[in-house]
Amino acid sequence: DAGVIQSPRHEVTEMGQEVTLRCKPISGHDYLFWYRQTMMRGLELLIYFNNNVPIDDSGMPEDRFSAKMPNASFSTLKIQPSEPRDSAVYFCASSLQVEETQYFGPGTRLLVL
Amino acid sequence: SQQGEEDPQALSIQEGENATMNCSYKTSINNLQWYRQNSGRGLVHLILIRSNEREKHSGRLRVTLDTSKKSSSLLITASRAADTASYFCAPLGAQKLVFGQGTRLTINP
C-alpha cells in the first residue's frame, strides 16, 4: 500500500488567497483525520471523518476552514481566505478504527505571506 | 484535558545508552499510543498499549502503563543515532487522540 498521500507537499500563497489541501487515505480505512502542527500549539486535531461523514469538527479554528470527504478515497481541507497565522504543517491520517493506530501522511507545509 | 504531557521536553544522551520518556494524562483512557516524528516528516506509530495492559515490548522499545497513576513511559534501549526524533504520547479517550508537545530526543555519536 502506498500509505496516506497528501498534496501538495509545499504551498506558498499570499494572504487572502484560497488554499486547498488534499488527502488520499489508505484503502479500507474508515477514519480520516486532519491535524495542524505549529511550534506554538503543537499537533492539533482539526476534524475527523468516519465513512465520509464528519464526526468531530470542534478543532476547526474558524469559519475560514472547511473540510469535505466526497468519497472514501479523497478528502480536502480548504482555507478561504488564508491568513499568515494559518502557516503550519497540515497532516492527514487514517485508521481502520478510531481507537486503533493512525497512519500519517507526509504533511503539507503551508506558508501564507 | 485528555492531552498527554511528555517529560522531559528534551533529552540528550550518548549512543548506546537507554532513553526513558514519561507521559501523564488526566482522564480515563481506552488505550495510549506512542508516535515518533523525525524532523520534517509525518508521525510514525510505535506502539499501542491498551488500558488493561501494563507493559508491552516491540524490539528495543518498552512501554509501561499505570492507569492508577495515569502515566506511561517509553524506554528505548541501546539507543542509536537514528533514534534522534521527537516522541509523542497520545492517550485515547472520547474517541480521539490528543497529542502532547513531545519529547525531543537527541542521540549523540
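The values are calculated or read from the model by the stated rules, or taken from the named source; none is laboratory data. As the structure is a prediction and not an experimental result, all values here were calculated from the model. Quick reminder, even Gly has a Cβ in these numbers, built from the backbone with ideal geometry, and neighbours come from all protein chains shown.
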**OP:** Report, by residue number, each residue of the stretch A:1-20 that is in a strand (DSSP E or B) and under 17 Å from B:L43 (Cβ atoms).
**Re:** A:I5, A:Q6
Original post:
Any residue at all in the stretch A:53-68 that is within 12 Å of chain B (Cβ to nearest Cβ) and on the phi > 0 side of the Ramachandran plot?
Top reply: no
**OP:** Would you mind stating whether B:S86 is polar (S, T, N, Q), in contact with a Ser or Thr (Cβ under 9 Å, 6 or more places away or on another chain) and within 14 Å of chain A (Cβ to nearest Cβ)?
**Re:** yes
Original post:
Is one or more of the residues making up the stretch B:59-67 within 14 Å of another protein chain (Cβ to nearest Cβ), surrounded by 15 or more Cβ atoms within 10 Å (Cβ to Cβ) and within 30 Å of A:H10 (Cβ to Cβ)?
Top reply: no
Original post:
Looking at the stretch A:53-71, is at least one residue outside any strand (DSSP E or B) and among the basic types (K, R)?
Top reply: yes
Original post:
Among B:I107, B:I49, which is the only one that is modelled with pLDDT of 95 or more, touching a helix residue (DSSP H, G or I) at 6+ places or on another chain (Cβ under 7 Å) and not polar (S, T, N, Q)?
Top reply: B:I107
Subject >> A:I5 hydrophobic (A, V, I, L, M, F, W, C) and in contact with a Lys or Arg (Cβ under 7 Å, 6 or more places away or on another chain) >> reply: yes
**OP:** Would you check which residues across the stretch B:22-67 are without any contact (Cβ under 8 Å) to a residue 12 or more places away in the chain and assigned to a loop (DSSP other than H, G, I, E, B) and list them?
**Re:** B:G40, B:R41, B:G42, B:N52, B:G59
Original post:
Considering the stretch B:50-83 alone, what residues qualify as being more than 28 Å from B:Q14 (Cβ to Cβ), touching a Ser or Thr at 6+ places or on another chain (Cβ under 8 Å) and of a type in the set (G, A, S)?
Top reply: B:S51
Original post:
Of the numbered conditions (1) within 23 Å of B:Y35 (Cα to Cα); (2) more than 9 Å from chain B (Cβ to nearest Cβ); (3) part of a loop (DSSP other than H, G, I, E, B), A:I47 satisfies every one except a single condition; which is it?
Top reply: (3)
Original post:
Is it fair to say B:Y35 is of a type in the set (F, W, Y) and more than 9 Å from the chain's Cα centre (by Cα)?
Top reply: no
Subject >> Subset of the stretch A:79-113 that is within 14 Å of chain B (Cβ to nearest Cβ) and of a type in the set (G, A, S) - its residue that is surrounded by the most Cβ atoms within 10 Å (Cβ to Cβ) >> reply: A:A93
